[in-house]
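For reference, the structure discussed in these notes is given below.
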Amino acid sequence: MTRPLVDRLAIVGAGLIGSSIARAARENHLAGTIVVADRDPSVCGRVRALGFADDVTQSAREAAEGADIVILCVPVGATEAVAAEVGPALKPGAIISDVGSVKGAVLAALAPHVPAHAFLVPAHPVAGTEFSGPDAGFATLFENRWCIVTPPEGTDPAAVERIRMLWRAMGANVEVMSAEHHDLVLAITSHVPHLIAYNIVGTAAHLEETLTSEVIKFSAGGFRDFTRIAASDPTMWRDVFLTNREAVLEMLGRFTEDLSALQRAIRYGDGDALFDHFTRTRAIRRSIIEQGQETPAPDFGRRAVEKQKHEES
Ligand SMILES: NC(=O)c1ccc[n+]([C@@H]2O[C@H](COP(=O)([O-])OP(=O)(O)OC[C@H]3O[C@@H](n4cnc5c(N)ncnc54)[C@H](O)[C@@H]3O)[C@@H](O)[C@H]2O)c1
Ligand SMILES: O=C(O)C(=O)C[C@]1(C(=O)O)C=C[C@@H](O)C=C1
């Protein structure tokens, strides 16, 4: 039998992402031992019942002891406290990584706690759902999705390569970039869209009572998609907006300017401006489908694009 990629893999935080990593590692035989830590005793109980880990503990330090790779899967705001607990337990040559949706703040929180004999290789799988907790995870979550790795400058390339191999083995495509660049890109592709969803669903909820109940009754298509996103975990998203403040505010500024331009086109009946804008955005959706990146009903989406193209030619 071939040796697994990792002898002892420790995962701290057994929610959607932590439990998906544990499941993917188990199904693909990537680790000799999978140890999971979560501070919440009820989560530890569920992990035991679900059976995707070899060992379960409430102590992050205990999980990290002797581990070759430790992956923090906690809300971004909890990173510093967990790093302070785990850092002193890291063995020589160990790699500490994470999955946080913001990378600059995570790097700043983690770096001071990583001993000189260990390596820090932060990462962010760009894959998820609106659900939380150990029951929500699944082994195929990362398949054909991106995982962005953001090692600090000067990190040993061998450590980066190990993390890349681990994510590749879970089915993800890996890209390496700086934490700063990651935070700017994700602000527009993930963070601002979530803020828009939280806002539009909030606006609907603030309408007069009869209107709100009609919004819920007749919600389909567009609004319903927003409600899925707006059901995402409040702790996770509070931390994202508090820690990626500058990049989110920058993208929000641009978004507001573009929204004003659309508002003006509607006010002055400028159909050409609206049509041109919608034509450009449709092309972006198409390229996402063509790259196989969209999740719901991918085959249907691809078929529909082919049909549209055919009709237009
Ligand atoms: N949900 C997504 O779609 C998604 C996608 C990619 C990355 N992420 C990132 O992954 C991380 C985890 O998100 P999730 O969706 O799995 O969250 P989750 O709420 O499902 O799970 C988080 C777990 O961390 C545990 N936890 C919190 N503080 C802890 C501490 N101090 N010590 C030990 N355990 C602690 C909680 O008990 C919980 O079980 C976040 O940083 C998030 O930004 C989330
Ligand atoms: O599909 C969803 O539910 C998601 O919102 C997943 C999503 C994203 O915005 O793409 C959310 C946050 C993560 O950091 C990565 C992935």
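Structure above, values below:
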quantity: Any hit, the stretch 229-238, residues being among the acidic types (D, E), assigned to a loop (DSSP other than H, G, I, E, B) and farther than 29 Å from A14 by Cα; calculated: no
quantity: Enumeration of residues in the stretch 50-104 that are closer than 21 Å to T150 by Cα, assigned to a strand (DSSP E or B) and among the acidic types (D, E); calculated: D98
quantity: Residues located in the stretch 253-285, provided they are of a type in the set (G, A, S) and surrounded by 11 or more Cβ atoms within 10 Å (Cβ to Cβ); calculated: A261, A265, A273
quantity: Number of the exception - H124 against (1) closer than 22 Å to D183 by Cβ; (2) near ligand 2 (Cβ under 10 Å from one of its atoms); (3) not in a strand (DSSP E or B); calculated: (3)
quantity: Qualifying residue in the stretch 199-212 (condition: in contact with a Ser or Thr (Cβ under 6 Å, 6 or more places away or on another chain), farther than 29 Å from R26 by Cβ, within 15 Å of ligand 2 (Cβ to nearest atom) and of a type outside the set (K, R)); calculated: yes
quantity: Single unsatisfied condition, R164 versus (1) among the basic types (K, R); (2) more than 27 Å from Q58 (Cα to Cα); (3) surrounded by fewer than 18 Cβ atoms within 10 Å (Cβ to Cβ); calculated: (3)
quantity: Neighbours by Cβ (under 7 Å, 6+ apart or cross-chain): first from the stretch 141-153, in the same structural domain as F131 (by TED's automatic domain parsing); second in a loop (DSSP other than H, G, I, E, B) and among the basic types (K, R); calculated: T150/K103
quantity: Meets criteria (within 16 Å of ligand 1 (Cβ to nearest atom) and part of a loop (DSSP other than H, G, I, E, B)) for T140; calculated: yes
quantity: The stretch 48-76 residues that are closer than 21 Å to H29 by Cβ and at pLDDT 95 or above, paired with ones that are among the polar types (S, T, N, Q) and within 16 Å of ligand 2 (Cβ to nearest atom) (beta carbon under 7 Å, 6 or more apart); calculated: F52/S19; I69/S97; I71/S97
quantity: Matching residues in the stretch 14-49 - criterion: being farther than 17 Å from F142 by Cα and in a loop (DSSP other than H, G, I, E, B); calculated: D38, R39, D40
quantity: Residue in the stretch 201-212 that is surrounded by 14 or more Cβ atoms within 10 Å (Cβ to Cβ) and in contact (Cβ under 8 Å) with a residue 24 or more places away in the chain present; calculated: yes
quantity: Exclusive hit being crowded, with 19+ Cβ neighbours inside 10 Å, over 28 Å from S190 (Cβ atoms), over 24 Å from the mean Cα position of the chain (by Cα) and not acidic (D, E), set A94, A116, A89; calculated: A89
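The values are calculated or read from the model by the stated rules, or taken from the named source; none is laboratory data. These numbers come from a predicted model, not from an experiment. When we count neighbours, we look across all protein chains shown, and the Cβ atoms used for this are built from the backbone with ideal geometry, even at glycine.
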